[in-house]
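The values are calculated or read from the model by the stated rules, or taken from the named source; none is laboratory data. In this text, all values refer to a predicted model and were calculated from it rather than measured experimentally. Cβ placement follows ideal geometry from the backbone for every residue including glycine, while neighbour counts extend to all protein chains displayed.
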Amino acid sequence: MSAFGKKNGLGGNRPSFGVAKPMNGGGSKGSDNSETDNKHGSEGGEQFPPIDSVPLPGEQQKADNPSPKESDAMARLSERSQPLAEAGDKDEGFGASVHKIKEQVLPRLLERVDPEAAATLNKEELTEEFRPIIMEVLTELKLTLNRREQFALEKVLVDELLGFGPLEELLQNPDISDIMVNGPEQTYIEIKGKLEIAPIQFRDEEHLFQIAQRIVNMVGRRVDQTTPLADARLADGSRVNVIVPPLSLKGTAISIRKFSEKPITLDMMQGFGSMSVQMCTALKIAGACRFNVVISGGTGSGKTTMLNAMSKMIDPGERVLTIEDAAELRLQQPHWLPLETRPPNLEGEGAITIGDLVKNALRMRPDRIILGEIRGAECFDLLAAMNTGHDGSMCTLHANSPRECLGRMENMILMGDIKIPKEAISRQIAESVDLIVQVKRLRDGSRRTTNITEVIGMEGDVIVTQELFKYQYIDEDADGKIIGEYQSAGLRPYTLDKARQYGFDQPLLEACL
């Protein structure tokens, strides 16, 4: 009788536990019947081989003949895991030799120049005044320069005294879109979406800090140890951010986002491959028909460029107000008034926020209110403007998808002191926003309009959206360039009635279908 109340041996010829064939390849050690054990072991090994030795279907072929794409990917991983090569010697070419001469000439030049008088001259006049003085200094130092070196030295010295020093040559290069200074010894630039080291260097941390102060002082702001962060802009509208020690551990850091001298239009973006012809038409109609548009995307994805391009479609007779922390927008309209926030003073008072400017803008009879970027509770003020007769208002914000964009807008309003239920906030967003344009910078450096999404309304407590266009990734070519296609959902636009008021209903319908 077993422990379970059954007699041993019941169950016919079924073997009891412990007499099954061994599942490993070899027989038991020390067994007398080795042939039987080996036979059973061989059968067991063939019947139940180790799990990690069984290839999945098609896996053996992949292991023997990996595809070129897999081989390339693994080669990139292997290369990236190798230690970085040590930096070589510094450039000793023409630019480096001029830099060395400048270090010798500049102190003697400053002894002969009145800084106050020099500040009243422009670059051309200062260059003419400097030319004979530079020749005197070179004679004293017993240095002989050819014509090319002399012109280069004059330019470097004038840039040092009136411009932004080594940054000047980078700012004048139209191919450079971003400049990132990481302390006095390291500067990176972005060309066609790719980062590379720049062939410039600052004398020391003090030299770099002076240039950073010169940039922010131009727009009436300051940067020092008590105010180590500053946003500013250059004369051409380029965006500048400065962060200094003790927050930056490598020294003063300057980030400059350059803007194109020639205004970029939607047609130009379509020619660059940033959108399809149908998407370009839909965005033109959205700008002309006063849709309320939110442009969403990550850092450097082209949100401000898209906003500038869409502003070209605004009727010249409309009064447009732009509100930003640092005035970067360059609208292409005659009746345009830019407004800019003000940071607090040394006592921490006197700050004017975006929310304050939005409230004041409502009293300035605007047709459209455009916010450069919303980051907080001012989102509620913008929605209020959209709902109070200022159709065609636009803004940008950071988000990775249209759905996330709506969630961020809800969260930004909740960050404020406004005591409103979340359902009411969602309803106001759904009633205010017409279109979400999602832009993205892909890993090959290209910028694409990846989604154009309509906000339809509410269903319960959820905001309902409808995707009109999207960018579908397909593959990557041998040069690392991403290949994809723009797809239309073929849906009837919900904003068709609004476009009909301006006579653009048929073109919008044809573009979307």
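Looking at the stretch 136-154, is at least one residue assigned to a helix (DSSP H, G or I) and touching an Asp or Glu at 6+ places or on another chain (Cβ under 8 Å)? No, there is no match, as no residue in the stretch 136-154 is assigned to a helix (DSSP H, G or I) and touching an Asp or Glu at 6+ places or on another chain (Cβ under 8 Å).
Here residue 173 meets the list (1) touching a residue at least 60 places away in the same chain (Cβ under 8 Å); (2) in a loop (DSSP other than H, G, I, E, B) almost entirely, failing just condition (1).
Considering (1) buried (at least 17 other Cβ atoms within 10 Å of the Cβ); (2) at pLDDT 90 or above; (3) charged (D, E, K, R); (4) over 30 Å from residue 190 (Cα atoms), the lone condition that residue 319 does not fulfil carries the number (1). For the stretch 113-132, a residue qualifies if it is more than 39 Å from the chain's Cα centre (by Cα) and within 18 Å of residue 147 (Cβ to Cβ), and the qualifying residues are 128, 130, 131, 132.
Of the residues in the stretch 396-404, none is surrounded by fewer than 20 Cβ atoms within 10 Å (Cβ to Cβ) and over 19 Å from the mean Cα position of the chain (by Cα).
Candidates in the stretch 134-154 are the residues that are in contact with a helix residue (DSSP H, G or I) (Cβ under 8 Å, 6 or more places away or on another chain) and closer than 28 Å to residue 212 by Cα; of these, the one that is surrounded by the most Cβ atoms within 10 Å (Cβ to Cβ) is 153. Restricting attention to the stretch 313-356, the residues being in contact (Cβ under 8 Å) with a residue 24 or more places away in the chain and more than 25 Å from residue 256 (Cβ to Cβ) number 10. Residue 272 - would you say it is farther than 30 Å from residue 351 by Cβ, more than 22 Å from the chain's Cα centre (by Cα) and among the aromatic types (Phe, Trp, Tyr)? Taking the combined requirement at face value, the residue does not satisfy it.
Counted as qualifying within the stretch 201-301 are the helices (runs of 4 or more DSSP H) with 3 or more residues that are touching a residue at least 60 places away in the same chain (Cβ under 8 Å) and surrounded by 22 or more Cβ atoms within 10 Å (Cβ to Cβ), namely 277-288.
When 366, 316 are checked against the criterion of being assigned by the TED database to the domain that holds residue 411, within 20 Å of residue 286 (Cα to Cα) and out of contact with any strand residue (DSSP E or B) (no Cβ under 9 Å at 6 or more places or on another chain), a single residue qualifies: 316.
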